[in-house]
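Step one of this worksheet: look at the structure below.
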Amino acid sequence: MKDVTGSDEGSTESHDLAIEVTSAQFGALTATMASHATCVATGTYSSGAPIVSGGLGEASADASGFVRWRFAASPTERGRASYLFTCSAGSSRRTLEVLFDIP
């Protein structure tokens with residue numbers, strides 16, 4: 001997992017939103033964070049091509065701070081892939097990149 005919050009020049013994103021990724025694999029990404037935080041997730045194959053799925057996109061953490069993205073799709077590539085997701089709660093915002101392998 002790589003914290004890419006504020007990696008863009010001039011960004012004012014805050015690093016103070018605690019996020020723990022609990023699972024990352026093709027078809028599923030789960031994390032815990034502040035309750036009711038809102039997040040947006042995208043996926044990318046190792047070639048740079050996007051993982052196109054109706055299961056990624058915007059999601060909100062529940063009252064206990066759990067958020068999940070799930071989708072049923074066959075991977076079009078094998079190897080290392082990544083999820084990039086940005087979450088915000090109040091004035092806090094954080095962006096993480098999570099790498100995973102597609103066997």
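Read the figures in this text as sums done on the coordinates, not as results from a lab. In this text the structure is predicted, and so the values were computed from the model without any measurement. Counting neighbours? That spans all protein chains shown, and the Cβs are built from the backbone with ideal geometry, glycine included.
Structure notes:
- Residues within region 46-59 that are more than 16 Å from A72 (Cα to Cα) and either within 12 Å of the chain's Cα centre (by Cα) or surrounded by 17 or more Cβ atoms within 10 Å (Cβ to Cβ) (or both), tallied: 2
- For region 90-103, a residue qualifies if it is under 21 Å from Y45 (Cα atoms) and surrounded by fewer than 18 Cβ atoms within 10 Å (Cβ to Cβ), and the qualifying residues are E97, L99, F100, D101, I102, P103.
- Residues of region 80-103 satisfying the condition of being hydroxyl-bearing (S, T, Y) and farther than 14 Å from S23 by Cβ: S82, T86, S88, S91, S92, T95
- Restricting attention to region 53-89, the residues that are in contact (Cβ under 8 Å) with a residue 40 or more places away in the chain, in a loop (DSSP other than H, G, I, E, B) and over 13 Å from A41 (Cβ atoms) total 3.
- Against the test of being closer than 17 Å to F100 by Cα and over 14 Å from the mean Cα position of the chain (by Cα), the options R78, R68 yield a single qualifying residue, R78.
- Condition check for T30: of a type in the set (S, T, N, Q) and out of contact with any Asp or Glu (no Cβ under 8 Å at 6 or more places or on another chain): yes
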